[in-house]
Amino acid sequence: MAAKPPSHHVFHCIACNLTTIIMFTIEYVSRTGDLSAMIEFEYRALNKPREVAPEQCTSDDTQFVYSWWRAKCGSRIGPSWREINLLELPAAVIPRVLVVDVSYQPMDFTYRFFGTWHVTSHNKDMSGRRVNDFEFAAYRQELTKGYTAVVRRRKPILHHLHINLNRLTYRSERLRLPLSEDGKQVDGIISIESLRPPSIAEPPMAAPETIRQVQ
């Protein structure tokens, strides 16, 4: 029996992925002139995050942060920033934490805390700076979309994805947790990312440093 041809929906998804890759490529190469490094950037664009229930955390670190947040949260949509003490987290986890302040009208996102692992990954410290200060438009859009989803849904969001760092592929688990001062509106987000190579127990992480927070 002849195979059924792919649906128009399949072709549409392929076209959307190719469009995203082309946008990344054009913007990156136009800014840097470095086509070889685009191999990593393109691979990252091909791996879309897959949302799973927060209870399905597979990393011990992610599970710890989720349980820690739930203990502070109770029946609310999230604890307030005043209740958060990042030093309660394991020292190896803190460098992979991000804390984002949410502002409205228009909606915007500013990094209150930018863990040292992220500083190393991005080669810059974004503490006190906005998501819109990132160089690449496509990356800014991806972050804004993810943070906006937490604000609108007022609940934790966990994604599984693959990313490429230093030409090595890692399984990534990214958990974003809402914070709320009044228990009704999300005014902050805590994010933790756990990485695991496909065949290695755990990649080396940046050494923890003194926590710097924007008050």
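Any chance the stretch 114-136 includes a residue that's touching a Gly at 6+ places or on another chain (Cβ under 7 Å), at pLDDT 90 or above and closer than 20 Å to Arg82 by Cβ? No: the stretch 114-136 contains no residue that is touching a Gly at 6+ places or on another chain (Cβ under 7 Å), at pLDDT 90 or above and closer than 20 Å to Arg82 by Cβ. Of the residues making up the stretch 102-137, just one is farther than 18 Å from Arg174 by Cβ, part of a helix (DSSP H, G or I) and hydrophobic (A, V, I, L, M, F, W, C), namely Ala137. Screening Gly74 against (1) under 19 Å from Asp187 (Cβ atoms); (2) in contact with a strand residue (DSSP E or B) (Cβ under 9 Å, 6 or more places away or on another chain) leaves a single unmet condition, (2). Every listed requirement among (1) in contact with a Ser or Thr (Cβ under 6 Å, 6 or more places away or on another chain); (2) under 17 Å from Ser80 (Cα atoms) is met by Leu161 save one, (2).
In the set Ser80, Ser121, Ser103, only one residue is in the same structural domain as Gln185 (by TED's automatic domain parsing), under 17 Å from Leu195 (Cβ atoms) and touching a strand residue (DSSP E or B) at 6+ places or on another chain (Cβ under 8 Å); that residue is Ser121. Just to be sure I understand, how many residues within the stretch 138-190 are in contact with a His (Cβ under 9 Å, 6 or more places away or on another chain) and either part of a strand (DSSP E or B) or surrounded by fewer than 16 Cβ atoms within 10 Å (Cβ to Cβ) (or both)? Of the residues in that region, 8 qualify.
Evaluated against (1) within 14 Å of Pro156 (Cβ to Cβ); (2) surrounded by 12 or more Cβ atoms within 10 Å (Cβ to Cβ), Ser67 falls short on exactly one condition, (2). One residue alone among Tyr170, Tyr147 is among the aromatic types (Phe, Trp, Tyr) and modelled with pLDDT of 95 or more, and that residue is Tyr147.
The values are calculated or read from the model by the stated rules, or taken from the named source; none is laboratory data. All values derive from a computational prediction rather than experimental measurement. Every residue, glycine among them, receives a Cβ derived from its backbone with ideal geometry; neighbour counts consider all protein chains shown.
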